[in-house]
Each structure stands twice: as C-alpha cells, then as structure tokens.
Amino acid sequence: MEKQFEIKLQNWLEAVAITCDSFAKEIDVDFYPFQSKVIESPDLLIIGANPGSNRSYNNRNRSSSELFNCGENGENAYIANEKNPEWKINKPILQMFKSPDLRTILETAVIMNVVYFNTNKVEDLRKYRNGTEIIKKCLEFTNDFVYNILKPKNILLLGEAAPKWMKISYNHKNDTILRNELDQWLIQNKIINEIPHYKIYHPSMNFSFNSGENLRLKKEKFEEIFTKQI
C-alpha cells in the first residue's frame, strides 16, 4: 500500500509541477501546494484557500520536489514558524492543538492550499487571461489528491474561502457543532466521502472568533473530538 501511495503521489506531483510551471511562467506568479511534508492517511489535513504574498515566479522551473514550503528541518510551516511574530495564521491553531496528544496530530498534519498560486486572493487570478482555467485545474488537482491519494482521517478548512473554492457548503443550523454564548457558530462539520470536514473562522482574520473564550471553547471541542479517535 505504501509503495502504491508513493507512486500515485509522485505522479501527481509531477503533473502539478508541469501544469503549474506553464501557468506560472505565463503570469509570473509563484506557486506551491504544500506547507508540510506528505504522509499517507494523516490524522489531520489542514486546507487554506491559497498561499498569498504575490511572489514572482522568475522563470524558476519548479520541479516535483519543490512543491513543499516546509521548515528547514522538514517540520510543517505552522510548527516552524511557531515563534515567528509575523505569522498570524498558525497562532490560534497552535493553541487549539496545544495538548500533548493534539500537538502530535498537528506536528504530523499535512497542510495544503486549494489553489496553489501566490495572489492575495484566489479571485485575483481571474485578471489573467487563463486565470479561470488555472483555478479550475488547481481544484481538480486538489480534489484528486485529497480523496483519491491522501485519504486523511479529518480535514480542517480555514475560513470561508477554502470550502467555497472546493464547492463545499455548510448549513449554519444543521452543520454547526459548536456555538458560543451569543449563539454564533465556532466550528462546523460536514461528512464528505466518510471524512469529517471541520470549518473554523480564518485564524489570521476574525480575531474575536480566534481568541479569548471563543478560542478556549474551540480548543476544548477539538480535544474532545480527537481524543475519541486516539
């Protein structure tokens, strides 16, 4: 099984590198799918909408081995930037997964983007001639990777944009599994392909939902969820 997984993964990486390299040279925007290494069927897959930052590609010819934006020692970007004050996205996640068991889950999590190009927002790609095609191709790659290759045990979607581009919609009444005392949703969940897809407010935005009591409630809920799986 492991060998089959490695073959499928390598074929996928090569297809992404070839396809996205062609687009990147055309629009001069860099790309990468991952902010972690990839392991088969991880306990947790974290998905954001896109990398952001508007980085130029500079005709760099990314190969299939250069699609991972990890720490120097191979740790995922959330762990590698734990003490980096310029990183905002990882701080609430680190708190939610602070207990020893959940920390292990976070350290082995696969982290990726729905769309791989470094524009501020995914829709910014549409200003380019082939922008809509680029978005569509990334979505096809992501769905293939998540459901046919990786097969994670749980998925955590960050903010509204990631599920939007994956065409996953949540019902605020039926899919909410955690609310605060003001009856505002904090965590939603939808089962797709037998995989729980948890959604939270984007951790680098919506500060009030990712701090204080709201953060504490989410931390307790994820501890409850993942402790049952250990």
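The values are calculated or read from the model by the stated rules, or taken from the named source; none is laboratory data. Source: prediction; values computed, not measured. Reconstructed Cβ throughout: ideal geometry from the backbone, glycine too, with neighbour counts over all protein chains shown.
Looking across the stretch 1-42, the residues that are part of a loop (DSSP other than H, G, I, E, B) and more than 28 Å from residue 105 (Cα to Cα) come down to 28, 29, 30.
Checking each residue in the stretch 94-109 for being of a type in the set (A, V, I, L, M, F, W, C) and either without any contact (Cβ under 8 Å) to a residue 40 or more places away in the chain or under 19 Å from residue 202 (Cβ atoms) (or both) picks out 94, 96, 97, 106, 109.
What are the residue pairs meeting all of these: first residue in the stretch 214-230, first residue more than 12 Å from residue 96 (Cα to Cα), second residue part of a helix (DSSP H, G or I), Cβ atoms under 7 Å, and 6 or more apart or on different chains? Pairs that qualify, where the first residue is more than 12 Å from residue 96 (Cα to Cα) and the partner is part of a helix (DSSP H, G or I), are 227/101; 230/101. Residues in the stretch 100-141 that are in contact with a strand residue (DSSP E or B) (Cβ under 7 Å, 6 or more places away or on another chain) and within 19 Å of residue 196 (Cα to Cα): 109, 110, 111, 112, 113, 114.
Of the strands (runs of 3 or more DSSP E) lying entirely inside the stretch 122-230, those carrying at least 1 residues that are within 30 Å of residue 20 (Cα to Cα) are 155-158, 185-192, 195-200.
For residue 45, state whether it is at pLDDT 95 or above, within 19 Å of residue 155 (Cα to Cα), over 14 Å from the mean Cα position of the chain (by Cα) and not polar (S, T, N, Q). Considered against the rule, which asks whether it is at pLDDT 95 or above, within 19 Å of residue 155 (Cα to Cα), over 14 Å from the mean Cα position of the chain (by Cα) and not polar (S, T, N, Q), residue 45 comes out as no.
Close Cβ contacts (under 6 Å, 6 or more residues apart or on different chains) running from residues in the stretch 185-200 that are at positive phi to residues that are at pLDDT 95 or above and not in a strand (DSSP E or B) comprise 193/147.
Quick check on the stretch 33-45. Is at least one of its residues within 20 Å of residue 163 (Cα to Cα) and aliphatic (A, V, I, L, M)? Looking through the stretch 33-45, at least one residue is within 20 Å of residue 163 (Cα to Cα) and aliphatic (A, V, I, L, M). Scanning the stretch 149-186 for residues that are out of contact with any strand residue (DSSP E or B) (no Cβ under 7 Å at 6 or more places or on another chain) and farther than 19 Å from residue 48 by Cα gives 171, 173, 174, 181, 182, 183, 184.
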